[in-house]
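The structure appears right after this line, and notes come after that.
The values are calculated or read from the model by the stated rules, or taken from the named source; none is laboratory data. Everything numeric here is computed off the predicted structure, so don't read it as measured data. Using ideal geometry, Cβ is built from the backbone for each residue, glycine included, and neighbour counts are taken over all protein chains shown. SASA here: full protein model, heavy atoms, side chains in, ligands and nucleic acids out. Shrake-Rupley method; radii C 1.70, N 1.55, O 1.52, S 1.80 Å.
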Number of protein chains: 2
Amino acid sequence: MTTPLNIGIAGLGTVGAGVVRLLNDNAALVTRRAGRVIRVVAVSARDRTRDRGIDLAGADWVDAPEQLAHHTGVDVVVELIGGAEGPAKALAAASIAAKRPFITANKAMLAAHGMALARAAEAASVPLKYEAAVAGGLPVIKGLREGAAANRITQISGILNGTCNYILSTMEATGREFADVLAEAQHLGYAEADPSFDIDGIDAAHKLSILACLAFGTRIDCAAVSTNGIRAVDACDIAQANALGFCIRLIGQAAYDAGGLYQAVRPMLVPLDHPLAHVKGAINAVTVDADPVGQLQFEGPGAGAGPTASAVVADLIDLARGSNGAPFGMPVAALEAAAPADPGARIARSYVRFAVEDKPGVLAEITAAMRDCAVSIETLIQRGEAPGGGVLVVMTTHEGPEGAVARALAQLGQSSALTSPPLVLPILG
Amino acid sequence: MTTPLNIGIAGLGTVGAGVVRLLNDNAALVTRRAGRVIRVVAVSARDRTRDRGIDLAGADWVDAPEQLAHHTGVDVVVELIGGAEGPAKALAAASIAAKRPFITANKAMLAAHGMALARAAEAASVPLKYEAAVAGGLPVIKGLREGAAANRITQISGILNGTCNYILSTMEATGREFADVLAEAQHLGYAEADPSFDIDGIDAAHKLSILACLAFGTRIDCAAVSTNGIRAVDACDIAQANALGFCIRLIGQAAYDAGGLYQAVRPMLVPLDHPLAHVKGAINAVTVDADPVGQLQFEGPGAGAGPTASAVVADLIDLARGSNGAPFGMPVAALEAAAPADPGARIARSYVRFAVEDKPGVLAEITAAMRDCAVSIETLIQRGEAPGGGVLVVMTTHEGPEGAVARALAQLGQSSALTSPPLVLPILG
């Protein structure tokens with residue numbers, strides 16, 4: 001048995017406490033697998049007095065997280081504070097500068113500063129690891145960076161936000177409306193008081209931009225992720241989708257080809273026989289289309305103390321075993337600076353929901369606009385009441401450029417027949 | 001760029017040719033990810049003249065596979081010959097003795113000799129890697145050894161044989177009988193002329209014993225895997241299971257607790273809402289129950305040239321990146337020698353199919369035997385015709401020790417009312 005691996009943890013919220021608990025509960029097992037004892041020797045958190053139900057005897061408390069980068073006896077710094085800037089970023093920079101391996105669960109920081117941090121880590125020959133940053137417990141960072149490393153990856157599609165998936169699958173199971181299910185999710189602690197980060201797709205966009213970098217060997221470009229959340233999805237959309245053989249999920253999708261790097265987060269219709277369709281509740285899943293392996297899927301709990309701690313400690317065990325590859329699978333200099341693809345050129349089938357006046361000629365107006373923009377209609381169903389009043393018209397299109405549908409809707413935008421703006425949801429192919 | 005990684009490949013069948021093709025087709029990508037060129041410098045195969053559709057210019061041919069262990073310029077030996085003994089085993093031993101990293105897709109050899117090979121590799125500080133040995137393209141070896149390393153794994157359940165899954169899911173989709181679908185699978189090349197290795201569960205048992213070692217930190221004990229194949233599954237079983245809300249899959253399952261190491265391969269009823277239920281065709285999938293992460297699932301193509309080559313080359317890239325952990329996640333000396341669990345003590349619900357004489361009192365006889373052995377019946381359905389004649393009686397039990405069902409059937413074994421031996425399929429919990 002070699003010397004222990006001594007860690008300093010910044011942040012003792014749900015995840016930080018979960019890491020301490022895991023290292024304690026599975027101590028013997030982790031030691032066998034890591035080949036050495038992994039122990040917490042220093043911590044930093046705002047409140048020293050709070051009872052977190054964990055044993056921190058023997059760990060030094062430091063006032064500022066950044067001190068962990070220099071605290072005597074710390075071999076590895078684990079950052080679980082969160083936030084793209086501020087103390088998390090300062091701690092990352094200080095740890096790398098001090099040549100201390102740095103482990104983080106901070107997707108926002110990696111999405112914003114991942115390239116700069118990786119460049120610094122490379123220059124200093126310091127490991128930078130972040131399995132917990134994407135999809136919590138499922139080892140999809142490792143799966144892409146190492147498991148699928150031999151493949152030309154053509155597309156990744158993932159359910160990357162457990163809160164959205166919980167809301168959408170609960171709406172599906174109960175027929176209830178978004179606002180109602182969101183309120184319940186907040187009450188149960190599945191959604192934040194300010195839910196925007198989750199339900200507007202921002203969290204999923206951070207994760208997607210990291211996965212795209214690993215999958216395609218391109219630089220992280222989170223600003224280029226076209227991001228739409230789930231606020232506009234109505235109970236009627238879920239019912240109509242179900243009747244057509246689909247469910248609705250918030251999907252992060254990225255693809256890379258001659259047309260550039262495509263990255264989008266948005267609610268999509270998922271065919272019921274697609275492997276992502278059975279992913280319910282707060283589960284995350286990532287589907288990888290790759291050559292020559294075919295299609296891989298990784299699935300598991302994407303958030304919470306236990307799953308996230310599982311990923312953080314997996315990184316620690318990797319470190320203890322001596323694994324130290326480039327954070328993003330290759331040196332930052334080897335990553336390509338990909339131009340964003342034109343999202344309008346993306347080929348897909350689409351679902352469009354209209355709310356229209358109950359008067360003659362409305363369908364003629366809609367179908368004329370589609371014809372003018374060369375959108376081929378597959379089904380057109382007029383039934384029931386639309387959210388907010390009016391008649392519900394639901395359309396699905398044949399495959400075509402998404403921009404054509406957008407142009408048709410822009411043309412219809414002037415129409416007095418529409419009682420509210422249409423909702424477009426592309427169909428996962 | 002550092003020096004190339006030079007490999008020698010033994011065996012140029014489907015998988016060997018697939019590896020050469022992958023290294024050629026994805027050469028630039030593999031070089032970027034590995035940080036160095038990976039090139040084939042020597043090969044050994046029975047027939048030098050066969051057209052395999054691959055470019056072997058620049059590679060030396062050696063007569064005996066074992067020569068690759070000593071051939072000048074070979075850095076890594078890749079064994080794709082197969083078979084637990086003979087040339088594959090000799091090559092493994094020779095490569096390790098010559099301190100050449102050894103990569104293999106050979107589950108039969110690892111199931112039989114994995115511990116001895118790992119011990120030798122450790123002693124010589126030589127990497128031994130085998131991602132392709134279990135479930136082809138899906139990176140489940142890495143997922144268990146590294147991704148889930150922080151967890152106490154309580155159970156693994158997997159669809160580990162694509163041939164069986166193809167046959168069972170085709171029987172399900174078409175209502176056809178086993179023999180008929182097997183013959184078609186053989187005709188299409190999905191099943192071997194001698195299909196025993198696949199359909200009797202032997203291949204899945206090899207894989208399961210390797211996964212169990214990684215999951216539980218126990219020594220590989222393939223001889224202790226209770227192994228039953230799918231020959232006895234009849235079209236009527238699939239129809240009855242479907243009516244009850246299940247499908248039938250060949251499941252490899254292992255668990256480890258105070259009662260010992262449980263390892264079994266057998267057809268089971270899988271609830272239609274279980275993540276393994278939607279796995280169809282030649283796809284493999286492994287579900288891991290672990291604390292604290294919860295349940296993880298890995299899914300993807302389990303066999304074939306592309307998927308298997310993907311796993312072999314992932315191992316090569318890992319090697320090129322300098323990763324070199326213990327083959328089974330910890331030194332062989334640290335693996336526990338687990339006693340096999342008593343399979344009769346396993347708690348499960350069961351499905352039992354009887355073929356009985358059409359005469360009064362038969363159900364009373366069956367239910368009396370169950371009562372005598374303390375088996376609690378959940379449903380009992382008498383309908384239709386049994387395979388081979390007689391009336392079909394289908395029963396499901398409440399949870400209880402599997403041994404109790406076996407005892408009840410042993411008691412019924414003397415009965416003249418049974419026209420053929422009953423079939424017991426446990427229900428995946």
Exercise for review: Can you tell me which residue among A:GLY260, A:GLY281, A:GLY245 is at positive phi, free of Cβ contacts under 8 Å to residues at least 40 places away in the same chain, of a type outside the set (D, E, K, R) and outside the structural domain of A:ASN24 (by TED's automatic domain parsing)?
Suggested key: A:GLY245
Point to revise | 3 or more residues surrounded by 24 or more Cβ atoms within 10 Å (Cβ to Cβ) and touching a Phe, Trp or Tyr at 6+ places or on another chain (Cβ under 8 Å): qualifying helices (runs of 4 or more DSSP H) within the stretch B:9-114 | key: B:86-97
Point to revise | Pick from the stretch B:115-139, criterion more than 13 Å from chain A (Cβ to nearest Cβ) and part of a loop (DSSP other than H, G, I, E, B), ranking: farthest from B:ALA205 (Cα to Cα) | key: B:ALA124
Review point. Which members of the stretch B:278-325 meet the condition of being assigned to a loop (DSSP other than H, G, I, E, B) and at pLDDT 95 or above?
Key: B:PRO292, B:VAL293
Practice item. Any chance you could count how many residues in the stretch A:306-350 are surrounded by fewer than 19 Cβ atoms within 10 Å (Cβ to Cβ), within 16 Å of B:GLU146 (Cα to Cα) and of a type in the set (Gly, Ala, Ser)? Key: 1
**Study point:** Residue among B:VAL424, B:VAL391 that alone is touching a Ser or Thr at 6+ places or on another chain (Cβ under 9 Å) and under 25 Å from B:ASP273 (Cβ atoms)
**Key:** B:VAL424
Study note, to complete from the structure: Cβ pairs under 6 Å, 6+ apart or interchain, first in the stretch A:209-220 and under 16 Å from A:ILE251 (Cβ atoms), second of a type outside the set (A, V, I, L, M), ordered by first then second residue, are A:SER209/A:CYS222; A:ALA212/A:GLN263
Point to revise | A:ARG349, sole failed condition from (1) assigned to a strand (DSSP E or B); (2) out of contact with any His (no Cβ under 7 Å at 6 or more places or on another chain); (3) in contact (Cβ under 8 Å) with a residue 40 or more places away in the chain | key: (2)
Practice item. Starting from residues that are more than 7 Å from every other protein chain (Cβ to nearest Cβ) and part of a loop (DSSP other than H, G, I, E, B), keep the ones in the stretch A:263-277 and report whichever is farthest from A:ILE199 (Cα to Cα). Key: A:ASP273
Review point. Does the stretch B:214-221 contain any residue that is part of a helix (DSSP H, G or I) and either open to solvent by 20 Å² or more (accessible area, probe 1.4 Å) or of a type outside the set (Phe, Trp, Tyr) (or both)?
Key: yes
Check your understanding: If we keep just the residues of the stretch B:222-256 that are of a type outside the set (A, V, I, L, M) and assigned to a helix (DSSP H, G or I), which is surrounded by the fewest Cβ atoms within 10 Å (Cβ to Cβ)?
Key -> B:ASN242
Check your understanding: Quick check: is even one residue across the stretch B:85-96 touching a Gly at 6+ places or on another chain (Cβ under 7 Å) and without any contact (Cβ under 8 Å) to a residue 40 or more places away in the chain?
Key -> no
Review point. Can you find a residue in the stretch A:320-337 that is away from every other protein chain (no Cβ under 14 Å) and out of contact with any Leu (no Cβ under 7 Å at 6 or more places or on another chain)?
Key: yes
Check your understanding: Do we find a residue being farther than 30 Å from A:PHE328 by Cβ, touching a Pro at 6+ places or on another chain (Cβ under 6 Å) and in contact (Cβ under 8 Å) with a residue 24 or more places away in the chain anywhere in the stretch B:45-62?
Key -> no
Exercise for review: Please tell me if A:ASP198 is open to solvent by 10 Å² or more (accessible area, probe 1.4 Å), modelled with pLDDT of 95 or more, assigned to a helix (DSSP H, G or I) and not polar (S, T, N, Q).
Suggested key: yes
Study note, to complete from the structure: Residue count, the stretch B:154-193, condition among the aliphatic types (A, V, I, L, M), open to solvent by 10 Å² or more (accessible area, probe 1.4 Å) and within 14 Å of chain A (Cβ to nearest Cβ), comes to 1
